[in-house]
Amino acid sequence: MTEATAHFGRRFFSEPEVMVLPADLPTGRKFLIFAVMAFGMFMALIDIQIVAASLNDVQAGLAAGPDEISWVQTGYLMAELVMIPFSAFLAQALSTRWLFSLSAALFTLSSALCGAAWDIQSMILFRVIQGFVGGAMVPTVFATGYALFTGPQRAMIPAILGMVSVLAPTLGPTVGGWLTDAVGWRSIFYINVAPGIAVTLLSILLVKVDRPNLRMLKSIDYSHLISMAVFLGGLEYVLEEGPRHDWFGDPNILTAAWASAVGFALFLERSFNSSGPIVKLTPFRKPTFAIACVFNLVIGFGLYSATYLVPVFLGRVRGYDSLQIGTTVFVVGITQVLSTVIAARLSQSADPRGVISVGLILFAASLWLASYITPDWGFVAWLAPQMLRGCAVMLCIVPSVGMALGGFEMAELRYASGLFNLMRNLGGAIGIAVVNTWLSDNTRIQAARMGEALGENARRAPDFVAALAQEIGQRAGDPQQALLAAQGELARLVGRYALTTAFNEVFRLMAWLFIAALILAPFCRPAPQTGAPPPDAH
């Protein structure tokens, strides 16, 4: 960095010599700062899933192949996963104000570029940029919220941000599907432009909570950064593509797994031995933080997996379109909003270990109820499991955030926030990969069992096919075509029931995972609350 550039940077990023502590700002100013940053976080999170219901339209519009279109999601997730832990370093170097403002501005620009993409390669590139810059906003909001508020007001931070964290992915497919049907697939990206500009400008004007330390940019350990990118990017690739390509039977996935393992080893070596690590693992010295991260891994597994499985069931078994699916799953978001206040009050008046234990039990119960689905389940049948899950997830998230981030001061709080949020995203990536594998394997097993059962009852299947063929033949008039249609209908019914039974098995396995997580609850002591954390001393 030249002296002229450094001088410009010091002037551009400089803050007033006298800075008010974040917690000492006027209450209205604090809530305004928090609201602006929370909305920016919502934008980044909803864009993870906003394309889920529109991938077919994007594929058709860009003339992309089936393997290429999956990278619209995979590229975003890989880049976001790398930025989340890196954001703590950047927040110290640039300050919270400028990191968040630049992230919001670049996220807005990359959203517009996604909407203007001319082929699948340009779309993937812009989605990678969008995921990378958007990933900085999520942990930064958590850290800033804890820096701004103390006492009872602080108790609302995990509740509000927890609600945003789970509501945005839930709404993503619904909003994306509706916009695509009403306006076209490019609108799901252009919709970010106006609010993104507003968030950028308001962040520049309002978010003045710490000072930058531009000298840190000179000491970036690039080997640490590259090893982390290879580790997390490779892991995300393996988890996203593994279920579709026979896991380690595919040479590309095997190569990515080896690269990820080597990257992880180098990342750990640099974390402990580098003079200027970009990610500090010191928060893991606190047992409460480590256990809260395990809880967040499990919560991410269940949250993202259940959010993924229910629409898949409704689409593949019930044949619902995107609007019907969105209407059915929307009840989860409503319940999450309603339970936020309850979870926040319980986190103030009750032992968080008890609250999270109740949350895990209710989450397991919701998954267990979902393990008795039939091929005819619709909105009414899904109502109870989804409402229970919406309530349970807030009881899990709110105390886990408090246990993880309470007790840290500003500098270390940033690293703790990045690592904690990384665990939820990793849990979601692992969860979706695992349940996809379970679903595929169990469907094959159940179809084989049903085939054996039909073979043992030798007359039932032929009698059913003959009766159905006779009925179809009376309408169609062609006996041969009627027989083929009847056999096809039998195969469809067997496949539908095999898939439904496989869903039941997957939900039951997930329920046992949440029950197993209860073992950790007694060992997780509440973190002592610090006072108002001072701004970084640079």
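Laboratory data are not the source of any read-out in this text; all were calculated from the coordinates shown. Remember, predicted model here, so these are calculated numbers, not experimental data. When we count neighbours, we look across all protein chains shown, and the Cβ atoms used for this are built from the backbone with ideal geometry, even at glycine.
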- Note on the structure: Per the rule of 0.36 nm per residue minus the C-alpha distance, extending Leu323 to Tyr190 adds in nm 45.8 nm
- Query: How many angstrom separate the Cα center of region 316-365 from the Cα center of region 190-263?
  - Reply: 28 Å
- Query: How much length, in nm to one decimal, is gained on full extension between Trp247 and Ala516, taken as 0.36 nm per residue of separation minus their Cα-Cα distance?
  - Reply: 94.2 nm
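Assuming a viscosity of 0.890 mPa s and a temperature of 25 °C, what translational diffusion coefficient in µm² per second does Stokes-Einstein assign to region 22-218, Rh being the Kirkwood radius over Cα pairs? Working shown, then result.
On the way: Rh = 17.1 Å.
Value of D from the Cα-based Kirkwood radius: 143 µm²/s.
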- Expected vector for region 119-132, Karplus 3J(HN,Hα) from phi with 6.51, -1.76, 1.60 and θ = phi - 60°, integer Hz, x for Gly and Pro, equals 7, 5, 5, 5, 4, 4, 4, 5, 5, 4, 4, 4, x, 5
- For region 282-291, just list the computed ³J(HN,Hα) in residue order, Karplus coefficients 6.51, -1.76 and 1.60, θ = phi - 60°, integers in Hz, with x standing in for Gly and Pro. 4, x, 6, 5, 8, x, 4, 5, 4, 5
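Arranged from highest to lowest average of other beta-carbon atoms within 10 Å per residue, in what order do the peptides 79-92, 189-202 appear? Spell out each step's value before the answer.
Working: 79-92: 24.7, 189-202: 18.6.
Peptide ranking by packing, descending: 79-92, 189-202.
In what sequence, highest mean first, do 219-230, 413-424 appear when ranked by Cβ atoms within 10 angstrom? Don't skip to the answer; put the middle values down first.
Working: 219-230: 17.5, 413-424: 26.3.
Answer by packing, highest mean first, reads 413-424, 219-230.
Beyond 18 Å, what share of the Cα-Cα pairs of region 221-277 is found? Please give it as a whole percent. Let's see the in-between values first.
Working: 568 of 1596 pairs.
Percent of Cα pairs beyond 18 Å in region 221-277: 36.
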- Query: Given Phe231, Leu266, His245, which one lies farthest toward the positive end of the charge dipole of region 215-282, if we put +1 on the Cβ of every Lys and Arg and -1 on the Cβ of every Asp and Glu?
  - Reply: Leu266
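Which order, highest average first, do 401-407, 432-438 follow once you tally other Cβ atoms within 10 Å for each residue and take the mean per peptide? Could you put the intermediate results ahead of the total?
On the way: 401-407: 25.1, 432-438: 19.7.
With the highest mean Cβ count within 10 Å placed first, the list reads 401-407, 432-438.
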- Query: How much length is gained on full extension from Phe330 to Gln121, taking 0.36 nm per residue of separation minus their Cα-Cα distance?
  - Reply: 71.9 nm
- Under 5 Å, built H, 5+ apart or other chain: amide partners of Glu409: none
- Note on the structure: With the charge dipole of region 119-268 built from beta-carbon charges (+1 for Lys and Arg, -1 for Asp and Glu) about the Cα centre, the Cα from Asn213, Gln121, Ile191 projecting farthest to the positive end belongs to Asn213
- ³J(HN,Hα), Karplus 6.51/-1.76/1.60, whole Hz, each residue of region 500-512, x for Gly, Pro: 4, 5, 5, 4, 4, 5, 5, 4, 5, 5, 5, 4, 5
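Please work out the FRET efficiency for the pair Val183 and Leu383, using the Cβ-Cβ distance as r and a Förster radius of 25 Å; give the result to the nearest 0.05.
Numbers: r = 30 Å, r/R0 = 1.22.
Approximately 0.25, to the nearest 0.05.
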